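A short worksheet on the structure shown next.
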Amino acid sequence: MNYKMKTKLKQIREIPVADLDKLSKVEEIYPFKANEYYLSLINWNDPADPIKRLIIPNINEIEDNWKGFDPSDEKKYTVIPGLEHKYTSVCLLLLSNVCAGICRYCFRKRLFKVNKKDILKDYEKAIEYIKKHKEINNVLITGGDPFIVKTEKLIYLLKRIREIEHVKIVRFGTRMPQFFPMRIYKDPKLLSALKDYSKTDKRIYVVTHYVHEKEITEESLRCIDSLINANVILANQTPLIKGISDSPKSLSILFNKLSYIGVAPYYIFQCRPAAGNKSFSVPIEAGFKIVEEAKRYCSGLAKRAKYVMSHSTGKVEILALTEKNIIFKYHRAADVKNSGKIMIFKRNKNAYWLDDYKDLIEECYIK
């Protein structure tokens, strides 16, 4: 199979000509990118195909009223271009502004649309920052997709990070096992480096981004197997996306299959309110019910994921619903004083983000 990239909708013969003019208006604002492997997963006879919805532009993207390209306020926590330090023990490196495909609900559209200067260019400056901050024990390498970067650069960065004694975990956040799995399993140098630097007492984690069971293909399984054989620990974060993963049945099937293949469900993310994303987002309270219903059909191994939102102030877990209230908890707080804080609000069925809740009933801390 040819894995050639597609960056223009007119390159995809399955899209009716009558639709191209309409969709080209979206493409002008929010770029399109895919490859022939990923496009081959689409059932073009199914108008509700989840892969199609995930990768092919939709007119609703330019018809919603959400604004802004930094919904989690990442700029606030940026120390140098491409390095964010939001949580005490975690440093985030934005290594690339390129992916093997562009998810339509991407919350970092700014990297390929607004501000391409946000990615890390000065590796040495980043290394020096991490060295000086001994509270950092966890480095998250993301983007864009870090595995887009040349293998030699990745190996160099891994080597430099592993020279820092207080960094115990290196994490990669990636869509490559879904979008372009052969990038990983056909690269013995990369796999060898991952194995070399994933020590018995200092593991490398790869956090994948499976959104729907259709992404778990034979090619993707080869990729996962190659990572497991490289002594990498695997976990998965799944955004809750309308029309793709917002049914208890589809979510439970995904979680169960992930547990079968050795990829631990880690987070379920509320879709971030970036420009163009509203038609992909599920209201929080409806999302909570979907997640809890899905977990009913999963084993303990399959239902470990927490339903959270990456708010400016921290990672907020959607904890519970009562008849009148919704309960949140800071799973990770930017301000450590808020760690573990519980917030109880009056319910709002039309809320998509923490900021949509205005009626605070109580704040408390776990004693």
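The numbers here are math on the coordinates, done by the rules we state, and not lab data. Because the structure is predicted, anything quoted here is derived from the model rather than measured. Neighbour counts are summed over all protein chains in view; Cβ atoms, including those assigned to glycine, are modelled from backbone coordinates with ideal geometry.
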Charge context of Ile233, other residues only, Cβ under 10 angstrom, K/R +1, D/E -1: +2
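Fewest to most neighbouring Cβ within 10 Å: what's the order for Asp225, Asp46? Please list the in-between numbers first.
Details: Asp225 13, Asp46 10.
Listed from fewest to most nearby Cβ atoms, that is Asp46, Asp225.
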Rounded FRET efficiency, nearest 0.05, which uses the C-beta distance separating Glu293 from Asn60 and R0 of 35 Å: 0.85
Order of Ile15, Ile51 under a 10 Å beta carbon neighbour criterion, fewest first: Ile15, Ile51
Rh by Kirkwood over Cα pairs, then Stokes-Einstein D for the stretch 5-62 at 0.890 mPa s and 25 °C, µm²/s: 211 µm²/s
Pairwise FRET efficiency - Leu221 versus Lys125, Cβ, R0 = 41 Å, nearest 0.05: 0.60
Cross-link partners of Lys131 among aspartates and glutamates (Cα-Cα below 17 Å; sequence separation of 8 or more within a chain): Glu84, Asp122, Glu163, Glu165
Percent RCO, i.e. relative contact order, over the chain, from Cα pairs under 8 Å lying at least 6 residues apart: 14 percent
Those residues of the stretch 153-184 whose amide nitrogen sits under 18 Å from the label point placed on Asn137, 7 Å along Cα→Cβ: 162-172
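List the pairs from Lys76/Lys168; Lys67/Lys132; Lys150/Lys199; Lys86/Lys109; Lys303/Lys329; Lys67/Lys249 whose alpha-carbon separation is above 28 Å, in the order I gave them.
On the way: Lys76/Lys168 26 Å; Lys67/Lys132 37 Å; Lys150/Lys199 22 Å; Lys86/Lys109 20 Å; Lys303/Lys329 19 Å; Lys67/Lys249 32 Å.
Cα-Cα > 28 Å for Lys67/Lys132; Lys67/Lys249; rest within.
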Rounded if a/c under 1.5, otherwise prolate or oblate - the chain, Cα gyration tensor axes: rounded
For the stretch 113-199: rounded, prolate or oblate by the Cα gyration tensor [a/c cutoff 1.5]: oblate
Cα shape, the stretch 70-214, gyration tensor, a/c 1.5 rule: oblate
Neighbour count of at most 16 Cβ within 10 Å plus DSSP loop: longest GluC sites (Glu not before Pro)-free window in the chain: 166-322
Least to most buried among Leu23, Leu360 (fewest other Cβ within 10 Å first): Leu360, Leu23
HN-Hα J in Hz across the stretch 55-66 - Karplus 6.51, -1.76, 1.60, θ = phi - 60°, x for Gly and Pro: 10, 9, x, 10, 4, 5, 4, 9, 10, 7, 10, 7
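Using C-alpha positions alone, give me the convex hull volume of the stretch 149-288 per residue in cubic angstrom.
Details: hull volume 18.5 nm³, N = 140.
Taking the convex hull of the Cα positions in the stretch 149-288, it is 132 Å³ per residue.
Let me know the Kirkwood hydrodynamic radius for the stretch 28-143, please, with Cα pairs as the basis and the value in Å to one decimal. Let's see the in-between values first.
Values: mean 1/r = 0.0617 Å⁻¹.
It is 16.2 Å.
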